[in-house]
Amino acid sequence: MYYRKIFRLTMFLYILIADLSAFNICAQERDRESQHYLYSLINQIGFVRRIPVRPSGVIFSAEGEMDMLSNGDRVYIRETGEAPLIVGRTYMIYVTPEPIKDRRTDTYVGTQHHLTGLVEIVEKEPRFTVAKIVQSFRDITINSFLMPYTRRSTEITLTESVEGLDGEIIAPEDSNITIMGQDSIVFINKGKRHGVAPGQQYSIYERHTAVPDPRAKEKIHLSAVDFGKLIVLHVEEDISTAVITRSEKTVLVGSKIRSPIR
């Protein structure tokens, strides 16, 4: 009887320790998830710079003289950068759509770098370089540019946002759309020099005006109301790329962003 009680007590303690260990692991995993944001397509998101990247090369032709290119296609490149293209190295393919302009003043804001795929340099000739497309994110065309490729981590550490920051969404990554919502990639008019960094979260808000006294006809600003949220994925000096993670209504170019209310 004595040994049976000891055995039961031992088993109970063993199960209790196992349960506590499992709980601790789950808690650590939840804590890790709460401190990070996973974005699997991070290597495909573009960026905006006031001074465009100087391309390392330009795709001027392809085997079979195809207009639209995809994985496995061999392309011919004209080097345009100061540093030569290196055999065995991977480069990013990109295009530059129409420059982004301020919607109110029509002044130049920056040049979008729209990432479309990856190539690997396989051969160099005296007057051209041969490469193979190893990954296509979007349609790849002749006259696309090349720049050095730097792999980004899909795990973005969440960090404290800048206090008192107020800005706006200046453009969607996809220039063919005019309205945005959850999961849309957007550009905001704040960057490194404003203290913005990857992993920061900002609220998307609106503020309406109203006339409290019809006799005075004076408009006043009402309280700001948050209706969405975004997370910064990539930053440049003046402009950052972000993903909308929550949206209760349509997001448009010009929608305001601000630091979360604590």
Give the residue that is farthest from E237 (Cα to Cα), with candidates limited to residues of region 136-155 that are buried (at least 16 other Cβ atoms within 10 Å of the Cβ) and not hydroxyl-bearing (S, T, Y). I142
Can you spot a residue in region 112-120 that is without any contact (Cβ under 8 Å) to a residue 40 or more places away in the chain and of a type in the set (D, E)? yes
Check whether at least one residue in region 207-223 is surrounded by 17 or more Cβ atoms within 10 Å (Cβ to Cβ) and more than 15 Å from the chain's Cα centre (by Cα), and report yes or no. no
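Could you tell me which of the residues V134, V162 is more than 16 Å from S255 (Cα to Cα), aliphatic (A, V, I, L, M) and not assigned by TED's automatic domain parsing to the domain that holds S61? Steps first, answer last, please.
Working: V134 fails: not assigned by TED's automatic domain parsing to the domain that holds S61.
None of the others qualify; the one that does is V162.
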Please specify each residue of region 160-181 satisfying the condition of being of a type in the set (V, I, T), in a loop (DSSP other than H, G, I, E, B) and surrounded by 14 or more Cβ atoms within 10 Å (Cβ to Cβ). V162
Apart from one, (1) at pLDDT 95 or above; (2) farther than 29 Å from E65 by Cα; (3) not β-branched (V, I, T) all hold for Q112; the odd one out is (2)
Name the single residue, out of those in region 242-257 being crowded, with 19+ Cβ neighbours inside 10 Å and either in contact with a Gly (Cβ under 7 Å, 6 or more places away or on another chain) or basic (K, R) (or both), that is farthest from S184 (Cα to Cα). I257
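Got a sec? Which of G228, G199 is at pLDDT 95 or above, under 20 Å from the mean Cα position of the chain (by Cα), small (G, A, S) and part of a loop (DSSP other than H, G, I, E, B)? Even if it seems obvious, please write down each step before you answer.
Values: G228 fails: part of a loop (DSSP other than H, G, I, E, B).
It is G199.
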Consider region 231-252. How many of its residues are in contact with a strand residue (DSSP E or B) (Cβ under 6 Å, 6 or more places away or on another chain) and in a loop (DSSP other than H, G, I, E, B)? 5
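The values are calculated or read from the model by the stated rules, or taken from the named source; none is laboratory data. These figures come from a predicted structure and were not determined experimentally. Reconstructed Cβ throughout: ideal geometry from the backbone, glycine too, with neighbour counts over all protein chains shown.
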